[in-house]
Every structure is written in structure tokens, then in C-alpha cells.
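K.L.:
I have a structure I would like to understand better, so I am pasting it below and will then ask my questions one at a time.
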Amino acid sequence: MQITILGLGTLGISMGLALRRALPEARLVGHDPSPERAREALRWKAVDRTSWNLPGACEEADLILFTLPLGEMESAFRAIAPVLKEGTLVLDTAELKVPVMEWAQAHFPPSVPFIGGHPILRPDAGEEPGPDLFRDALFCLTPPAQAPAWAVEAAAGLAHRIGAHPFFIDPVEHDGWMAALEQLPSLLGAALLSIWSTAPARREMPQAIGGRFARMTADLPDAPSGRVAAIANRDSLLYWLDRLLETLGRLREVLTDAENEAALEDFFRAAHQTREAWLKSRHERLQALPTPADQPGLLETMLGLHHLRPSRKRP
């Protein structure tokens with residue numbers, strides 16, 4: 001069984017390491033537009049080999065995992081579609097699902113099942129690659145209605161094998177939540193950097209930037225991906241941006257009211273309580289999710305089902 005990982009950043013390397021442990025018999029092939037990232041994946045032994053040629057990395061694959069940035073995905077779909085074998089399963093990890101599923105439907109034939117995926121990592125996952133990066137992650141899955149049952153089961157089984165909790169969700173609902181939980185924090189980080197870029201002390205005191213500012217401005221999407229995501233999810237993002245502006249407006253009123261210092265303390269107390277309740281409920285909800293059946297060899301068998309019927313490349 002060949003598994004091809006497209007995109008060899010932290011997520012792609014970690015996926016390779018997790019799959020090497022979960023499916024030791026699989027051949028792992030990697031591709032990344034950056035030669036440096038490709039070399040890094042080999043250094044980590046996350047893949048057996050890399051290919052600079054995108055279609056060449058995919059033509060013999062039984063499973064293709066996309067961890068490329070959102071802004072590169074549609075062109076990659078278009079490039080690999082003509083060489084894919086019948087029955088190749090394609091799974092992505094992008095933070096938005098509606099646009100990705102539209103691209104998949106436009107470019108992949110019915111004989112190549114596509115399952116939308118998005119692993120939401122645990123809060124303390126860190127930024128370094130590792131085989132345990134997906135442990136206790138919520139792996140959102142958004143299979144289209146026409147996806148074959150074996151492909152849906154294989155995607156859920158894969159998520160379980162790498163330590164995550166598979167969770168089926170409607171793509172529109174998923175993207176609505178991601179506007180608040182992924183895109184809005186990215187906009188805030190970019191806005192903070194924009195403010196800092198015009199500050200007079202920017203050149204005089206760069207050493208004053210500490211961990212809190214660094215964390216809030218880390219992991220921003222690349223510019224093309226940020227643009228694509230914001231436009232694709234514009235309505236949901238505008239809704240949550242309006243809620244943020246309303247909250248900041250109330251916070252400003254509290255700050256300007258010198259006679260109401262207790263309200264400021266209440267604001268921070270409520271924030272702490274909300275965070276504590278979120279962390280507790282997250283753990284409880286994850287433990288309550290059903291575990292997919294994972295008999296020895298089941299995932300390998302499902303991914304190999306296309307070998308039971310005539311396998312051919314697209315004409």
C-alpha cells in the first residue's frame with residue numbers, strides 16, 4: 001500500500017511519523033514544493049522517499065493525504081487528477097471544507113473518492129513535529145453524499161489509527177465554527193502585527209516582544225491561503241468579526257469608566273471561567289465519542305478494495 005503525503009510541513013511530517021507507527025508496512029511517499037521541507041521530512045524519516053514531481057508522487061498511491069496550504073490545493077487537485085488510479089482515496093486536512101469539497105467535485109472523477117478532513121489539535125499539542133501530534137485531536141470528517149461506505153470507514157479508521165477522534169460534521173456547519181475558532185484568531189494576529197509595524201518603538205525595542213505576543217501572532221496562514229479562506233468564508237467571518245468588535249467596544253467603555261473598575265475584573269474573571277469550562281468539556285466530549293471498529297488489517301483491506309476491481313488510470 002502506498003500513501004502519498006502532499007505537503008511536508010509540521011502537519012505532513014507528523015502525519016508521516018504517525019502513519020509509520022500505525023501502518024508499518026505502508027510505503028510513504030512525500031512531496032512538497034519546498035526542497036528544504038522535503039529534505040526535513042527525510043531527515044525525520046517521516047517518508048521513505050520524496051518526489052519533486054507532483055503527479056509522479058501520486059500516480060501509484062492508494063491513499064493521498066493533503067497537508068498543503070489552502071491556497072495551493074485547487075491547482076494540486078487539477079494537476080494530479082489525470083494520473084490517479086481508480087479507487088485511490090483522497091483526504092485533506094484544510095481548515096475550511098466547503099471550498100475544498102467544491103474543488104474536489106470539479107476535478108476528481110467519481111472513481112476517486114474524496115473525504116474532507118480537518119484535524120483540530122489538542123490545545124497543548126505544541127509546534128514541533130512528532131508521531132503523537134494527533135493524539136486526542138478532533139478529526140472532523142465531511143464526506144460527500146456520494147462517497148462510498150468503504151472510503152468513509154477508511155477515513156474514520158485512519159483518524160483513529162493516528163490517535164485522533166473521528167467526528168462527522170456538515171461542511172457548512174464546520175466552516176461556520178472555523179470562522180470563529182481558526183480564522184478570527186488569525187485575523188487578530190495579523191491585526192496586532194499591523195499595529196506593531198507602525199509603532200514608533202518597533203525598531204527601537206524589538207527585544208521587548210515576549211512569548212504572549214509571539215504566540216498570538218504565530219501560525220498565520222500564508223497570504224494566498226489567508227485571502228482564499230477569507231473570501232470563501234466571508235459571511236461567517238464577518239458575523240464573528242462583528243461580535244468581536246461589539247465585545248471590544250464594551251471593553252473600551254469599561255476602560256474609560258474610572259468609577260467601574262469592578263466591571264473590568266468581572267470581564268477577566270468570566271474569561272478565565274469560560275476557558276476552564278471549555279478545557280473540561282472538551283475532554284469529556286472527546287471521551288464520549290464512539291470509537292470506530294479497527295480490526296487488525298481492516299484499514300489496509302479497505303484501502304486495497306480498488307484492487308478487487310479493474311484498476312486503471314484515467315484516459
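A short reminder: the numbers here are calculations on the coordinates, not readings from a lab. The structure presented is a predicted model; accordingly, all values stated were derived computationally and were not measured. Counting neighbours? That spans all protein chains shown, and the Cβs are built from the backbone with ideal geometry, glycine included.
K.L.:
Pull out a ≥ b ≥ c, the square roots of the eigenvalues of the alpha-carbon gyration tensor of the stretch 173-256, then state rounded if a/c is under 1.5, prolate if not and a/b is larger than b/c, and oblate in the remaining case.
P.N.:
oblate
K.L.:
Gaussian network model of the chain, Cα springs within a sub-10 Å range: biggest mean-square fluctuation belongs to which of Gly16, Gly210, Gly30?
P.N.:
Residue with maximal mean-square fluctuation among Gly16, Gly210, Gly30: Gly210.
K.L.:
Another question about this same structure. For n ≥ 4 DSSP H runs only, could you compute -39500 (n - 2.57) per run for the chain, divide by its residues and tell me the 222 nm figure to the nearest 500?
P.N.:
Result for the chain: -15500 deg cm²/dmol, rounded to the nearest 500.
K.L.:
Also, quick follow-up: Taking the stretch 23-128 on its own, what percent of its Cα-Cα pair distances exceed 18 Å?
P.N.:
Summing the P(r) of the stretch 23-128 above 18 Å gives 51 percent of all pairs.
K.L.:
Report, in debye and to the nearest 20, how large the dipole of the chain comes out about its Cα centre when Lys and Arg carry +1 and Asp and Glu carry -1 on their Cβ.
P.N.:
Dipole about the Cα centre, nearest 20: 900 debye.
K.L.:
Mind checking the angle between helix 223-232 and the chain's longest principal axis? C-alpha axes, 0 to 90 degrees, to the nearest 10.
P.N.:
Its long axis makes an angle of about 90 degrees.
K.L.:
With θ set to phi - 60°, apply the Karplus curve 6.51 cos²θ - 1.76 cosθ + 1.60 along the stretch 201-210 and write out the HN-Hα couplings as whole Hz, x wherever there is a Gly or Pro.
P.N.:
Those phi angles translate into 7, 4, 7, 8, 10, x, 6, 7, 6, x Hz.
K.L.:
Okay, next question. Where does the charge balance sit around Asp32 when Lys and Arg score +1, Asp and Glu -1, over other residues with C-beta under 12 Å from its C-beta?
P.N.:
Charge balance in the 12 Å sphere: -1.
K.L.:
May I pose another question? Loop sites only, by DSSP: take the GluC sites (Glu not before Pro) in the chain that have at most 13 other C-beta atoms within 10 Å and name the longest stretch containing none of them.
P.N.:
The longest such stretch corresponds to 26-126.
K.L.:
I'd like the Karplus ³J(HN,Hα) series for the stretch 250-260: coefficients 6.51, -1.76, 1.60, θ = phi - 60°, whole numbers in Hz, and an x wherever there's a Gly or Pro.
P.N.:
Once rounded to whole Hz, the list reads 5, 5, 5, 4, 5, 5, 7, 8, 5, 8, 10.
K.L.:
For helix 10-22, report the angle its Cα long axis makes with the longest principal axis of the Cα atoms of the chain; keep it between 0 and 90° and round to the nearest 10°.
P.N.:
Taking Cα atoms only, the helix is inclined about 50 degrees.
K.L.:
Scan around Asn233 for amide H atoms under 5 Å from its own, H built in the peptide plane at 1.01 Å from N, and keep only partners 5 or more places away or cross-chain.
P.N.:
Placed amide hydrogens put nothing under 5 Å from Asn233.
K.L.:
Additional query: Tell me which residues come under 5 Å, amide H to amide H, from Asp92 once H is placed; ignore anything under 5 positions away on its chain.
P.N.:
Amide H neighbours of Asp92: Phe66, Ile115, Gly117.
K.L.:
Compute the angle between helix 261-288 and the longest alpha-carbon principal axis of the chain, please, reported from 0 to 90 degrees and rounded to the nearest 10.
P.N.:
Between the helix axis and the principal axis of the chain, the angle is about 20 degrees.
K.L.:
Trypsin sites (Lys or Arg not before Pro), restricted to the stretch 153-259: which are DSSP loop and have at most 10 other Cβ atoms within 10 Å?
P.N.:
Arg203
K.L.:
On to the next question. Taking the dipole about the Cα centre of the stretch 173-256, with the C-beta of Lys and Arg at +1 and of Asp and Glu at -1, give me whichever of Pro206, Ala223, Leu181 is farthest to the positive side.
P.N.:
Among Pro206, Ala223, Leu181, the one farthest towards the positive end of the dipole of the stretch 173-256 is Pro206.
K.L.:
Name the residue, out of Gln273, Gln146, Gln105, whose mean-square fluctuation peaks in a Gaussian network model built on the chain with Cα pairs under 10 Å.
P.N.:
Its mean-square fluctuation being the largest, the pick is Gln273.
K.L.:
What order do you get for Met178, Met205, Met1 when you list them from fewest to most C-beta neighbours inside 10 Å?
P.N.:
Met205, Met1, Met178
K.L.:
Could you work out the local net charge near Ala164, counting Lys and Arg as +1, Asp and Glu as -1, over the other residues with Cβ closer than 10 Å to its Cβ?
P.N.:
+2
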